[in-house]
Amino acid sequence: FAAVDVIRAKRDGLRLTAEQIEWVVDAYTRGVVAEEQMAALAMAVYLRGMDAGETARWTGAMIDSGERLSLHVSRPTVDKHSTGGVGDKITLPLAPLVATCGVAVPQMSGRGLGHTGGTLDKLESIPGWRAQLSPEEIGRQLEDVGAVVCAATPTLAPADRKLYALRDVTATVESVPLIASSIMSKKIAEGAGGLVLDVKVGSGAFMKSLDQARELARALVGIGSAHGVATTALLTDMSTPLGSAVGNAIEVAEAVDVLRGGGPPDVVELTLALAREMLAIAGRADIDPEPVLASGAAYETWCRMIRAQDGDPDAPLPRPAHVHVVPAPESGVLTRLDAYAVGVAAWRLGAGRARKEDPVQAAAGVRCLAKPGERVERGAPLLELHTDTPDAVPYALDALAGSYAVADPGNDDAPAGGEGI
Ligand code: URA
């Protein structure tokens, strides 16, 4: 094969053959196909698309670029993947909950980039906690505790790591076949028997519209089926942050509240919905996770899961050096609190990173003191901005400008909030 022929075929709208796909992904991973050639091919795929068969092959080639983990665990294994959101700490209560119900959860997670948080960044706010585990440690912890949340091992879909970095700088991230194959190559290589996808929809998500999210969900489920991994997807709202905490340590604290039988109702509801899907995929639809969560038994599993990775679940979490309070501009009902704006604000406060190698602040983030639909009083705290670098506060306030609205139920032209701050 020659790379130009593969690029030309896709440029002209042809379907790539299995042999072309396998060759080009492998040759790119080995450095035989040059970055500029893969960039051109990624753009051709972005513009021309790939059908379900091509996408499944592409995913298979990315899995084959590395090792597929074989998990020797006596229980069924199921993983969850979220396409990313704001305040999405669901993995933290979900993994120990499902493990407590008897199904093992091997979950390799990522770090945040941009306005969406990363599960590893959140967990690293726990003193001592370690993200990097060897395949042997993963296997042992799965058997002993039933849940592992850790960093991807370096041999997992290396083609994706290379291609994702290239897509990031060539405006080719937002392609359904490329996103779907990227996500699924890592998840299938991880070796879980089943997979539940939480496909986010709304301003804080990759997919802003329901149609786009549905298309991505179908592509993801199609790839799972083609590779023999039982896969289901839920489409869930990401127009406003999940729960009230957005950041790192602040989200861990909220997850612990949920594990102790409290926490915000939307976080509890989504945790239970995803737990039910995971149990069903593992053939344990007979187990109701709700009483298990309420009993505090999943909190015990959480503590064991954190300790197994050298973290101290009883240690106090880092607290911010500075808290800036944003008051409600009017009395009335909060009608909107935009997920994307809150995510960008948390990011600017230090919870996220601008470049892959940047550190994050454990204590930075945003606490939302009201959810859309709730009543607020003029001047009462609406948002708390947490940071160790108070110089960042004006930038966070800029991100929040116009991002929330309070309506007086008796006044049809209530002003949008966020101006003048
Ligand atoms: N997440 C991934 O892992 N890959 C993508 O392409 C997009 C989101």
Considering only the chain, percent of DSSP beta bridges that pair antiparallel, nearest 5 = 50
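Give me the Å³ per residue figure for the convex hull around the C-alpha atoms of segment 3-49.
In segment 3-49, the Cα hull volume divided by residue count equals 59 Å³.
If the limit is 27 Å between Cα atoms, which of Lys162/Lys200; Lys122/Lys356; Lys89/Lys208; Lys10/Lys356; Lys89/Lys371; Lys10/Lys80 go over it?
Details: Lys162/Lys200 25 Å; Lys122/Lys356 16 Å; Lys89/Lys208 20 Å; Lys10/Lys356 31 Å; Lys89/Lys371 17 Å; Lys10/Lys80 32 Å.
Beyond 27 Å: Lys10/Lys356; Lys10/Lys80.
Quick check on the chain: helices-only [θ] at 222 nm, where DSSP H runs of length 4 and up contribute -39,500 (n - 2.57) each and the sum goes over total residues. Nearest 500, please.
Numbers: 16 runs with 178 residues, N = 421.
Rounded to the nearest 500, it is -13000 deg cm²/dmol.
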Give me the angle, in degrees from 0 to 90, between the Cα long axis of helix 210-226 and the longest principal axis of the Cα atoms of the chain, rounded to the nearest 10.
-> 40
Value of Rg/Rh across the chain [Cα atoms, Kirkwood radius] | 0.98
In whole Å, what is the distance between the alpha-carbon centres of segment 145-203 and segment 377-410?
-> 33
What is the Cα centroid distance between segment 292-330 and segment 211-288, reported in whole angstrom?
-> 19
Quote the convex hull volume per residue of segment 1-113, based on C-alpha atoms, as a whole number of Å³.
-> 144
Length gained, Ala151-Ala297, 0.36 nm per residue minus C-alpha separation, equals 50.0 nm
Rank Arg375, Arg336, Arg276 by mean-square fluctuation in a GNM of the chain with C-alpha springs under 10 angstrom and give only the top-ranked residue.
-> Arg375
Using Cα pairs under 8 angstrom and six or more residues apart, how large is the relative contact order of segment 132-264, in percent?
-> 19
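Can you give the FRET efficiency for Asp310 and Glu377, using 1/(1 + (r/R0)^6), R0 = 41 Å, r = Cβ-Cβ distance, to the nearest 0.05?
Working: r = 45 Å, r/R0 = 1.09.
Result of the calculation: an efficiency of 0.35.
Expressed as a rounded percentage, what relative contact order does the chain have, with Cα pairs under 8 Å and six or more residues apart?
Values: 936 pairs, mean separation 77.4, N = 421.
Dividing the mean separation by the residue count of the chain yields 18 percent.
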1/(1 + (r/R0)^6) with r = Cβ-Cβ of Val325 and Val32, R0 = 41 Å, i.e. FRET efficiency to nearest 0.05, evaluates to 0.15
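No lab work stands behind these numbers, since they all come straight from the coordinates. Because the structure is a prediction, the values reported are computed rather than measured. Virtual Cβ from ideal backbone geometry, glycine too; neighbours counted across all protein chains shown.
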